[in-house]
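Structure first, commentary second.
The values are calculated or read from the model by the stated rules, or taken from the named source; none is laboratory data. Given the structure is predicted, the values throughout are model-derived calculations rather than measurements. Note that we place each Cβ from the backbone using ideal geometry, even for glycine, and neighbour counts take in every protein chain shown. SASA here: full protein model, heavy atoms, side chains in, ligands and nucleic acids out. Shrake-Rupley method; radii C 1.70, N 1.55, O 1.52, S 1.80 Å.
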Amino acid sequence: MQNSKILVETRGNDGVRGVRSDFFSAVLNPEASFGGLWSLESLPKIDLEAIKNLNYNELITYIFNALGIDTSAISLESYKNFDNKNLPLSYTKIDSNIFLQNLFTGPTRAFKDMAMQPFGALLCDLSKKQNKRYLILTATSGDTGPATLEAIKNKPNVFGICMFPKDGTSSVQRLQMTTIDAKNVAILEVKGNFDDTQNALKNLLNDADFRAFLNTKNLHLSASNSVNFGRIAFQIIYHIHSYIFLRDSGAIAEGESFDIVVPSGNFGNALGAFYAKLMGVPISKIIIATNANDVLENLITQGIYDISKRTLIKTNSPAMDILKSSNVERVLFALFDANRTKDLMNDLENKKCYKLSQSELQKIQEIFGAFSFDDESVLDIIAHYANANIIIDPHTANGILAAKKLDSKRKIIVCSTAEWCKFAPTICKALAKNSAFKDMNLNNVDEKTALDLIAKRFNLTLHKNIRNLFDKDEINCIEISKDEIKNRAKEIIVQFCN
Ligand SMILES: *Cc1c(COP(=O)(O)O)cnc(C)c1O
């Protein structure tokens, strides 16, 4: 199996680097010409008959090989820390035609693990093979940080520094980072909000002096955010698996089409579904569920991406509080071309707005639909399912609302992107709206108490990683102001390298 050059750049090539890249090179060097992204040049059609009896790891191998990725270099033990190491997801039927695809059965209890766990293992394998050392810098407001750190902790040749805004995460998310006992990762608690933190990271990445310093340490930078194609590749697999599940369980017939609903922020998860559809999986529509930050809904229903008059709204589905949804660019590239994508992205950068033509919008709408929901609707649907003893997280709630609104004759898979335990205070708020739970004393409880109350009432077992968090010391946390970050990062890196 050879490693083919399957990726091209979404905004065309600047002549400085090669026009095409293989998968592994793009994982290690995610930067592309003109600020674009590496993206699949074309998609192979897969044989639905051939994937019939494959287990999950075999499915990865089959799909990656079909894409032109040499899997002999990848360790496929990536899902060993999941509830079921042979099948890193599960399904729950919640309505006659709606199925939840539970993508949160990994160590941090959110769907980011689905890609990040194998991505971390991959980065480690590649660094070993190339005898190089990699540094991953991230800024997080919640789920990306814990998932990244969990994926690379104690791995040789890979180091991580993660910044989060002080008071900007939930207690669970914070503790998932600050209690990590590993010498190759460091966590910075930045005094400021998420924008400040993200800007601090950007400044660091663009700082010539800092980059020169990394060179002297023989450290290479890589990115673990969802623009890295290494993460996207793993996110195609579970969407294909949903077809295998529906068919094997008899919910659909051979080749019968179904819909997928994806609660979306940066569009990485939805992009995986899009690629699965292009590869021939009989997905009819991909429905994008968003919260009050409804840029994606506007794009898909009206063909306009306009953030010129928007400010970010804080909602109860914080992982979807995003205005610049990076992976949309890969959809534009796949449906139109690099020239058009570059123009649209330039408009977004310069005018904070772009508009699709009528025929372009039509192309989008042949594949995607979209709905957005407010916080109150999210609370109501959580309370509604709690009556049936099904506790869903707020992101998934947006997805279920979309599935109901879609009112499709087809079977619908809703991606469930987090376990309820990551957002216990919001679940409490939802339950408080339902008189059936008025005996629960839900007012003014802290996050730990909220977790215990909900687990007890609904007879749910807290995963040990969550249960243990509140007993651990926050041994890995440096509180820091924005201006101190660069020098402190250098000190940390010196320690890493010793
Ligand atoms: C990251 C995340 C999302 C959004 O996924 P994208 O791939 O960024 O669209 C949704 N829900 C949860 C819980 C997440 O952590």
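Annotations for the structure displayed:
- In terms of distances greater than 29 angstrom between alpha carbons, the cross-link table entries K202/K342; K314/K482; K324/K411; K202/K351; K405/K433; K153/K464 yield K324/K411.
- Residue among N459, I478, N441 farthest towards the positive dipole end of the range 426-492, charges placed on Cβ: N459
- Cα gyration tensor shape for the range 299-400, rounded if a/c is under 1.5, else prolate or oblate: prolate
- Bridge orientation summary for the range 137-225: considering DSSP beta bridges with both residues in this region, about 0 percent are antiparallel.
- Relative contact order of the range 1-87, defined on C-alpha pairs under 8 angstrom at six or more residues apart (%): 31
- Carbon plus sulfur fraction of accessible area for the range 172-299, probe 1.4 Å, in percent: 45
- Two-site FRET efficiency, T461 against A182, from Cβ-Cβ distance with R₀ of 30 Å, rounded to 0.05: 0.70
- In percent, rounded to a whole number, the relative contact order of the chain is 18, using alpha-carbon pairs under 8 Å and six or more apart.
- Radius of gyration and Dmax over the Cα atoms of the range 408-480, both given in Å: 15.9, 54
- Taking the Kirkwood radius as Rh and the Cα radius of gyration as Rg, the chain has a ratio of Rg/Rh equal to 0.94.
- Surface composition of the range 1-119: carbon plus sulfur atoms hold 46% of the accessible area, using a 1.4 angstrom probe and ignoring ligands, DNA and RNA.
- Assigned charges on the beta-carbon of Lys, Arg, Asp, Glu; the range 119-215 dipole about Cα centre (debye): 460
- Modelled label positions at F213 and H384, each set 7 Å beyond Cα in the direction of Cβ, lie 5.3 nm from each other.
- Spin-label model distance (nm) - N203 vs D483, 7 Å beyond Cα toward Cβ: 0.9
- Whole-number percent relative contact order across the range 1-157, with pairs defined as alpha carbons under 8 Å at least 6 apart: 17
- Rounded to the nearest 20 debye, dipole of the range 302-422 from Cβ charges on Lys, Arg, Asp, Glu: 240
- Spin-label pair K128/L87, simplified geometry with 7 Å Cα→Cβ offset, distance in nm: 2.9
- Per-residue ³J(HN,Hα) for the range 370-382, Karplus 6.51 cos²θ - 1.76 cosθ + 1.60, θ = phi - 60°, Hz, x for Gly and Pro: 7, 9, 10, 9, 9, 4, 5, 4, 4, 4, 4, 6, 4
- Along its three principal directions, the equivalent ellipsoid of the range 162-233 from the Cα gyration tensor extends over semi-axes of 23, 16, 15 Å, largest first.
- For the chain, a crude dipole built from +1 on the beta carbon of Lys and Arg and -1 on the beta carbon of Asp and Glu, taken about the Cα centre, is about 460 debye to the nearest 20.
- Extreme residue, positive dipole direction of the chain, given options T148, T169, N215 (C-beta unit charges): N215
- Amide H contacts of A370: I288, each under 5 Å away and 5 or more positions distant or on a separate chain (H built 1.01 Å from N in the peptide plane; Pro and chain starts excluded).
- Farthest positive-ward along the range 1-147 dipole, Cα basis, beta-carbon charges - from Y134, L87, G35: Y134
- Taking every DSSP helix (H) stretch of at least 4 residues in the chain, weighting each as -39,500 (n - 2.57) and dividing the sum by the residue count yields a mean residue ellipticity at 222 nm of -12500 deg cm²/dmol.
- Of all DSSP-defined beta bridges confined to the chain, some 25% are antiparallel rather than parallel.
- Cα convex hull volume per residue for the range 170-320 (Å³): 197
- For the range 381-498, the carbon plus sulfur part of the accessible surface works out to 42%, probe radius 1.4 Å.
- Solvent-accessible surface of the chain, taken per residue with a 1.4 Å probe and all protein chains present: 40 Å².
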